[in-house]
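Written out below as structure tokens is the structure these notes cover.
The values are calculated or read from the model by the stated rules, or taken from the named source; none is laboratory data. The model shown is predicted, which means the values in this text are computed figures rather than measured ones. When we count neighbours, we look across all protein chains shown, and the Cβ atoms used for this are built from the backbone with ideal geometry, even at glycine. What goes into the accessible areas is simple: the full protein's heavy atoms, side chains included, and nothing from ligands, DNA or RNA. Shrake-Rupley method; radii C 1.70, N 1.55, O 1.52, S 1.80 Å.
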Amino acid sequence: MTQTDMTPLQRLAKVLQLGTPSNYRNHTYINGESLYFPTGRVYGGQVIAQSLMAASRTVAPSRLPNSIHGYFISAGDIRQDLLFDVENLRDGRSFSARRVNVTQAQGSILTQSPASRNMTRKHRIRRPMPENIPDPDSLTSAKQLMEPYAEQSPFAKYYAEKSPFDIRHVTRTIMLGADKKSASEDSGKQMVWMKADGKVDVPQVMHRAMLAMGCTRSCWSRFCAVLA
């Protein structure tokens with residue numbers, strides 16, 4: 001299958017596979033490429049997800065990532081490959097810790113500390129579901145919202161044609177401009193329904209990487225997530 005025949009979700013899965021690892025002392029080095037993004041800069045969610053995949057190459061398959069803590073240092077260039085330097089910090093009886101430094105020619109663009117737990121042991125974190133949220137099938141997808149503007153804006157074209165996620169905003173999407181009512185009652189939060197736009201046969205670790213990507217916003221300078 002050529003890249004032009006791939007769906008956006010299939011293209012994402014390919015980018016998350018990364019290259020062939022090489023090892024030196026306590027470090028593992030892996031190359032990765034970037035997805036298109038209209039700014040010409042590497043999308044923050046992509047590099048978070050790739051870092052998670054790079055770290056997963058250095059742990060047992062049963063140790064799935066359950067948390068991430070990372071800092072964006074500088075913008076990346078989608079025309080350059082990424083180098084993922086995974087440092088093995090610790091392998092305990094049921095827990096592994098890694099540090100990932102992501103670089104391009106100009107230097108570091110992200111440092112991240114993913115942690116993986118042996119998922120044969122029960123480890124659950126649950127947060128209460130917000131009340132009175134409309135069903136996702138009753139909401140218009142971001143793809144449909146952006147389609148009328150696709151020829152006028154590269155951002156609209158990206159979300160209409162190249163996004164690997166089906167995103168449905170509960171409140172008015174900021175992509176269509178400021179909502180004065182929402183601004184006056186701003187809680188600092190935005191509620192959306194989100195799922196992969198299609199189906200792809202990938203391992204559980206890649207599902208978690210995709211979740212991390214979907215939950216990230218490229219404008220953040222600091223990112224924390226719990227995946228389990």
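Under 8 Å between Cβ atoms, which residue pairs at least 6 apart in sequence (or on different chains) link something in segment 202-214 that is free of Cβ contacts under 8 Å to residues at least 60 places away in the same chain with a partner that is buried (at least 17 other Cβ atoms within 10 Å of the Cβ)?
Close Cβ pairs satisfying both conditions: Leu211/Leu227.
Has segment 53-68 got any residue that is of a type in the set (Ser, Thr, Tyr), surrounded by fewer than 22 Cβ atoms within 10 Å (Cβ to Cβ) and outside any loop (DSSP other than H, G, I, E, B)?
Yes, segment 53-68 contains a residue that is of a type in the set (Ser, Thr, Tyr), surrounded by fewer than 22 Cβ atoms within 10 Å (Cβ to Cβ) and outside any loop (DSSP other than H, G, I, E, B).
Do you know which residues across segment 194-206 are within 16 Å of the chain's Cα centre (by Cα) and open to solvent by 80 Å² or more (accessible area, probe 1.4 Å)?
Lys195, Gln204
Give me a count of the residues in segment 16-34 that are surrounded by 19 or more Cβ atoms within 10 Å (Cβ to Cβ) and either at pLDDT below 95 or outside any loop (DSSP other than H, G, I, E, B) (or both).
Within segment 16-34, residues that are surrounded by 19 or more Cβ atoms within 10 Å (Cβ to Cβ) and either at pLDDT below 95 or outside any loop (DSSP other than H, G, I, E, B) (or both) number 4.
Which residues, counting only those in segment 131-144, are open to solvent by 50 Å² or more (accessible area, probe 1.4 Å) and in contact with a helix residue (DSSP H, G or I) (Cβ under 9 Å, 6 or more places away or on another chain)?
Selection gives Gln144 alone.
Hey, could you check segment 1-15 for residues that are modelled with pLDDT under 95 and aliphatic (A, V, I, L, M) and say which is nearest to Met206 (Cα to Cα)?
Of everything passing the filter in segment 1-15, Met6 is nearest to Met206 (Cα to Cα).
Where residues in segment 92-105 are farther than 16 Å from Ala54 by Cα and either in a strand (DSSP E or B) or of a type in the set (A, V, I, L, M, F, W, C) (or both), which of them is most open to solvent (accessible area, probe 1.4 Å)?
Across segment 92-105, the extreme among qualifying residues is Ala105.
Of the numbered conditions (1) surrounded by 12 or more Cβ atoms within 10 Å (Cβ to Cβ); (2) assigned to a loop (DSSP other than H, G, I, E, B); (3) modelled with pLDDT of 95 or more, Thr39 satisfies every one except a single condition; which is it?
(3)
Can we say Arg121 is modelled with pLDDT under 95, part of a strand (DSSP E or B), over 14 Å from the mean Cα position of the chain (by Cα) and surrounded by fewer than 20 Cβ atoms within 10 Å (Cβ to Cβ)?
no
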